[in-house]
Amino acid sequence: MKNTRGLTLIELLVVIIIVGILAAVAIPVYTNYMQRGRRADAKTALEQVRAAQEMWRAEKGGYSTDATRVQLQTTMGAPPTTVGSYTWSFTGTLNANSFTVTATPIPGGSQVADGPLTINWMAQKTPAEKWAK
């Protein structure tokens, strides 16, 4: 009798099933991890904009009303308007006494279902459940 070595079809199918199960578990976990990372980038950008506004207020006596954000980016170090999968902009009232900044997911991107994040001059963050994660 010859002594042959190799894989049987059953052994190969078992390996393929195990790899499939591992992939079915790993892919959603990885996707969730990436979404949280992108959301963290947006939160950091909003905090940087808020800090830049506070520095502007300390220096000039009121918040920047430059809706194009050029002053905050060049003078106070605010981030670019596109950060990862989000774009940030001032929303609502923008005056020397108050501001609201919103990070909105880029249309067609993977974060669209995540929705926008907002922070204002009083450091109120909405939606709170997205900021807590």
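Of the two radii for the chain, the radius of gyration is 1.36 times the Kirkwood radius, both from the alpha carbons; that is the Rg over Rh value. Positive end of the dipole of the chain (Cβ unit charges, origin at the Cα centre): among Ser85, Asn32, Gln73, the Cα lying farthest that way belongs to Asn32. Ordering of 120-129, 46-55 by packing is 46-55, 120-129, highest average first (other Cβ atoms within 10 Å, averaged per residue). Between Thr81 and Thr126, the simple label model (points 7 Å from Cα in the Cβ direction) yields a spacing of 2.3 nm. With the simple model of a label 7 Å out from the Cα in the direction of the Cβ, Ala96 to Glu54 spans 2.2 nm. Scaling against 2.2 N^0.38 Å puts the C-alpha radius of gyration of the stretch 1-55 at 2.41. Every helix of 4 or more DSSP H residues in the chain counts as -39500 (n - 2.57), and over all residues that averages to -16500 deg cm²/dmol at 222 nm.
Amide H contacts of Trp121: Phe99, each under 5 Å away and 5 or more positions distant or on a separate chain (H built 1.01 Å from N in the peptide plane; Pro and chain starts excluded). The angle between the Cα long axis of helix 9-60 and the longest principal axis of the Cα atoms of the chain comes to about 10 degrees, rounded to the nearest 10. Here the stretch 43-93 is described by how far its Cα atoms reach on the three principal axes: 33, 21, 17 Å, from widest to narrowest.
No lab work stands behind these numbers, since they all come straight from the coordinates. Nothing here was measured: the structure is a model prediction, and the numbers come from that model. With ideal geometry, Cβ positions are generated from the backbone for all residues, glycine too; neighbour counts draw on all protein chains shown.
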